[in-house]
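What follows is a set of notes on a single structure, which appears directly below.
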Amino acid sequence: MTDDLIDQRLNILQTQPKDVLGPMAIPNLTALLNKVQCPVVGFQGIDDHFLSSIRSREDSAAVPRTASSRMHAAATGQCSNERRSSTGMSSISSISDDTRRVSIREALAQELYQALCERRTVPPLRSRGLELTIDDAYGVSLAILARRQRAGERVIGKKIGVTSKAVQDMLGVLQPDFGFLTDRMWIENGMIVRIADSMIQPRAEAEIALILSSGLKGPGVTPADVLAATASIAPCFEIVDSRIANWDIGILDTIADNASCGVFVLGGGRADPRPLDLAALKVRVWKNEKLLSEGEGSAVQGSPLASVAWLANTLGRYGVSLDAGEVILSGSLVPLEPARPGDRFQLELDAVGSASIAFS
């Protein structure tokens with residue numbers, strides 16, 4: 001790899017907004033990268049020689065570094081002592097682990113973002129031998145979000161997914177995921193969605209959406225706090241849509257892929273949650289005029305209030321809050337159902353209202 005290409009790739013990484021780094025936010029990233037002269041990731045993916053060299057270094061490492069020590073080194077600008085080789089490139093064995101992880105996150109984010117834009121799938125991330133962590137997956141998600149924001153999208157809410165046993169069993173993912181909602185994901189109640197124009201492999205799920213009147217930030221958020229912060233609830237269809245081939249997802253894949261977000265619909269009804277038992281609220285879903293499924297609020301971690309408290313506390317670990325005015329999706333009350341051209345879905349949420357969406 002030439003010095004010009006190295007400099008070009010470093011420049012690409014340095015110009016990314018700091019907020020794409022998520023839990024590895026590095027105040028002095030530019031200074032760190034100036035010290036670490038190495039082939040890093042550009043927009044076209046990870047250099048094979050770079051990754052194979054990193055794997056060799058990991059295999060021979062005598063003392064593995066902990067995640068906390070890696071983050072501390074990044075935050076303080078510490079990195080391995082570097083010496084340029086005769087070609088102008090540092091020894092690959094001295095690449096800081098922080099730079100390696102940022103590089104991998106950026107490459108995966110670009111790959112998933114291109115898949116989103118081009119409406120195609122990619123192989124699962126978890127099976128690529130990259131030793132990804134939940135923090136890595138969330139960093140990938142943030143980097144994708146940064147690209148969407150640069151394209152003009154605006155964050156209007158957050159979501160928790162894979163909360164019910166029915167959905168966990170269906171997907172083989174045994175813990176919740178989390179992601180961001182943007183204004184371009186929100187579509188009108190009753191709208192017809194042309195799958196070929198905007199989606200890949202959509203599936204419909206019925207949820208209770210919470211609309212917040214005040215913010216929440218973990219740790220320490222309780223279901224009672226969520227109730228106090230909620231202005232109203234609404235019936236909701238979320239149409240999830242994975243960029244991972246054949247929905248072959250694990251927790252790392254779905255978090256990196258923004259919790260498999262596609263689009264969502266809020267029905268016209270609104271209700272004050274305080275007089276209601278949200279755990280006992282029942283939803284009924286029809287597909288093409290036939291009853292498809294039923295579920296209750298207790299399907300999502302015992303109550304939508306508990307699932308949103310989990311979301312607030314989990315995002316709070318990364319410095320992210322649930323903000324006043326945001327729409328929060330609390331998880332599906334029913335199993336996911338594939339959506340194909342010609343399908344029409346309707347739901348009724350007791351004491352609240354209805355929602356519908358159709359596909360062409």
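Where a number appears in this text, it was derived from the coordinates with a stated rule and is not lab data. What you are looking at is a predicted structure, and each value in this text was computed from that prediction instead of being measured. In this analysis, Cβ positions are derived from the backbone assuming ideal geometry, glycine residues included, and neighbour counts consider all displayed protein chains.
A Stokes-Einstein calculation at 4 °C with viscosity 1.567 mPa s, built on the Kirkwood radius of region 150-298 over Cα pairs, returns a diffusion coefficient of 78 µm²/s. Each residue, R274 and R344, gets one label point 7 Å from its Cα in the Cβ direction; the gap between the two is 3.9 nm.
May I ask you to compute the full-extension gain from S214 to D323, defined as 0.36 nm times their residue separation minus their alpha-carbon distance, rounded to one decimal in nm? Could the numbers behind the result be given before it?
On the way: separation 109, 0.36 × 109 = 39.24 nm, distance 0.64 nm.
Between S214 and D323, full extension yields 38.6 nm more.
Computed extension length for C117-V155: 11.9 nm, one decimal, from 0.36 nm per residue of separation with the Cα-Cα distance subtracted. The simple spin-label model puts a point 7 Å past each Cα toward its Cβ; for A245 and A358 those points are separated by 3.5 nm. With a cut-off of at most 13 other beta carbons within 10 Å, and DSSP calling the residue loop, which GluC sites (Glu not before Pro) in region 261-334 qualify? Please list them. Passing sites in region 261-334 are E289. Using a cutoff of 8 angstrom between alpha carbon atoms and counting only pairs six or more residues apart, the relative contact order for region 214-360 works out to 33 percent.
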